[in-house]
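To start, the structure itself, in C-alpha cells.
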Amino acid sequence: QSEIWALSGHTLLFLVLSGLSTGASWLCYFRALQLGDVNKVAPIDKSSTVLTILLAFLFLGEPVSFPQIIGILGIGIGTLLMISKQEVEKSQPDSKQWLLFAVLSAVFASLTSIFGKIGVEQVESNLGTAIRTVVVLVMAWLMVFITGEQKGLRKISRKSWIFLSGITTGLSWLCYYRALQDGPASVVVPVDKLSILVTVVFSTLILKEKLGRRALIGLALILIGTGAMLL
C-alpha cells in the first residue's frame with residue numbers, strides 16, 4: 001500500500017478505465033444472465049478473446065500469429081453455433097435483449113483487459129487490482145441507488161447471499177492481473193477464457209440447462225480455437 005503515493009497519472013488513469021470497463025461489463029453480463037441461459041450467455045462473453053487479441057495488436061503492438069488467426073475463426077464459428085436460433089427456446093420473450101447485453105459485456109470485457117494490461121505494468125499487481133476494484137464497487141453501488149434497487153437488500157434470500165460470487169471473483173482477479181503483469185494479454189486472455197468449459201459443465205449439472213448437438217460442436221470449436229491461440 002505504500003506504493004499508492006508513487007503511482008503516475010498514466011497508471012492511475014488506465015486502472016480507473018479498467019475498473020469502469022469491468023463495471024459496465026458486469027452490469028451487462030448479469031443482466032444477460034437474468035434474461036438468458038448461462039450456456040448461451042457465457043460463450044458470447046468469452047468471445048471477447050477475439051476482440052482482445054485484435055485490440056492488443058492495434059494498441060499494444062502484440063503480434064498475431066497464424067495459430068491465433070485459426071483460433072479466432074474457431075471461437076467465432078463456435079460462438080455462433082452455441083447461440084444458434086435453433087437453440088434459443090421459443091418461450092423466452094427477451095431473447096434479443098439477452099443477446100444485446102451479452103455482446104456489450106464482451107466488448108467491455110475486452111476493454112477491461114487492454115486498459116488493465118497498460119495500468120498494471122508500472123504497479124504491483126495486487127495494488128492495481130485493489131484500486132480498480134474500488135472503482136467497480138463505487139460504480140456498481142451508484143447504479144443501485146440511481147435505479148432505486150437498494151430497497152431490495154432486505155429481500156435477498158439466504159441462498160442468494162451464499163451464492164453471490166464475490167470471493168471467487170476476487171480470487172480470479174488477483175490471479176488474472178498478476179498474469180497480465182507478467183505475460184502478454186493475447187496469451188493471458190485465452191487461458192482465462194478456458195473457464196467457459198467449467199461454466200458450461202456446472203450449468204448442465206447444477207442448473208440443468210441442456211446443450212444441443214450444435215451447441216456441443218460450438219463448444220468444441222471454442223475450446224480448440226482457444227487452444228490454438230496458445231501455440
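What about Val200, is it open to solvent by less than 30 Å² (accessible area, probe 1.4 Å) and touching a Phe, Trp or Tyr at 6+ places or on another chain (Cβ under 8 Å)? It is false that Val200 is open to solvent by less than 30 Å² (accessible area, probe 1.4 Å) and touching a Phe, Trp or Tyr at 6+ places or on another chain (Cβ under 8 Å). Can you tell me which of Lys208, Lys151 is outside any helix (DSSP H, G or I), out of contact with any Ser or Thr (no Cβ under 7 Å at 6 or more places or on another chain) and not hydroxyl-bearing (Ser, Thr, Tyr)? Exactly one of Lys208, Lys151 is outside any helix (DSSP H, G or I), out of contact with any Ser or Thr (no Cβ under 7 Å at 6 or more places or on another chain) and not hydroxyl-bearing (Ser, Thr, Tyr), namely Lys208.
Pairs meeting the criteria (first residue in the stretch 35-57 and touching a residue at least 12 places away in the same chain (Cβ under 8 Å), second residue outside any helix (DSSP H, G or I) and β-branched (Val, Ile, Thr), beta carbons under 6 Å, at least 6 apart or on different chains) are Lys40/Ile83; Phe57/Val64.
Of the residues Leu197, Leu153, Leu221, the single one that is of a type in the set (A, V, I, L, M) and closer than 28 Å to Val16 by Cα is Leu153. Given the condition in contact (Cβ under 8 Å) with a residue 40 or more places away in the chain and within 18 Å of Glu62 (Cα to Cα), answer yes or no: does some residue in the stretch 166-175 qualify? The answer is no, given that none of the residues of the stretch 166-175 is in contact (Cβ under 8 Å) with a residue 40 or more places away in the chain and within 18 Å of Glu62 (Cα to Cα). Tallying residues that are assigned to a helix (DSSP H, G or I), among the hydrophobic types (A, V, I, L, M, F, W, C) and touching a residue at least 40 places away in the same chain (Cβ under 8 Å) within the stretch 113-148 yields 12.
The condition (being modelled with pLDDT of 80 or more and open to solvent by 30 Å² or more (accessible area, probe 1.4 Å)) is satisfied by just one residue among Ser91, Ser48, Ser65: Ser65.
If you go through the stretch 194-205 and keep only what is part of a helix (DSSP H, G or I) and under 16 Å from the mean Cα position of the chain (by Cα), you end up with Ser195, Ile196, Leu197, Val198, Thr199, Val200. In the stretch 73-80, the condition of being under 13 Å from Leu99 (Cα atoms) and surrounded by 15 or more Cβ atoms within 10 Å (Cβ to Cβ) is met by at least one residue.
The values are calculated or read from the model by the stated rules, or taken from the named source; none is laboratory data. Bear in mind the structure is a predicted one, so any value in this text is a computation, not a measurement. Virtual Cβ from ideal backbone geometry, glycine too; neighbours counted across all protein chains shown. Keep in mind that these areas ignore ligands, DNA and RNA; they rest on the heavy atoms of the full protein, side chains included. Shrake-Rupley method; radii C 1.70, N 1.55, O 1.52, S 1.80 Å.
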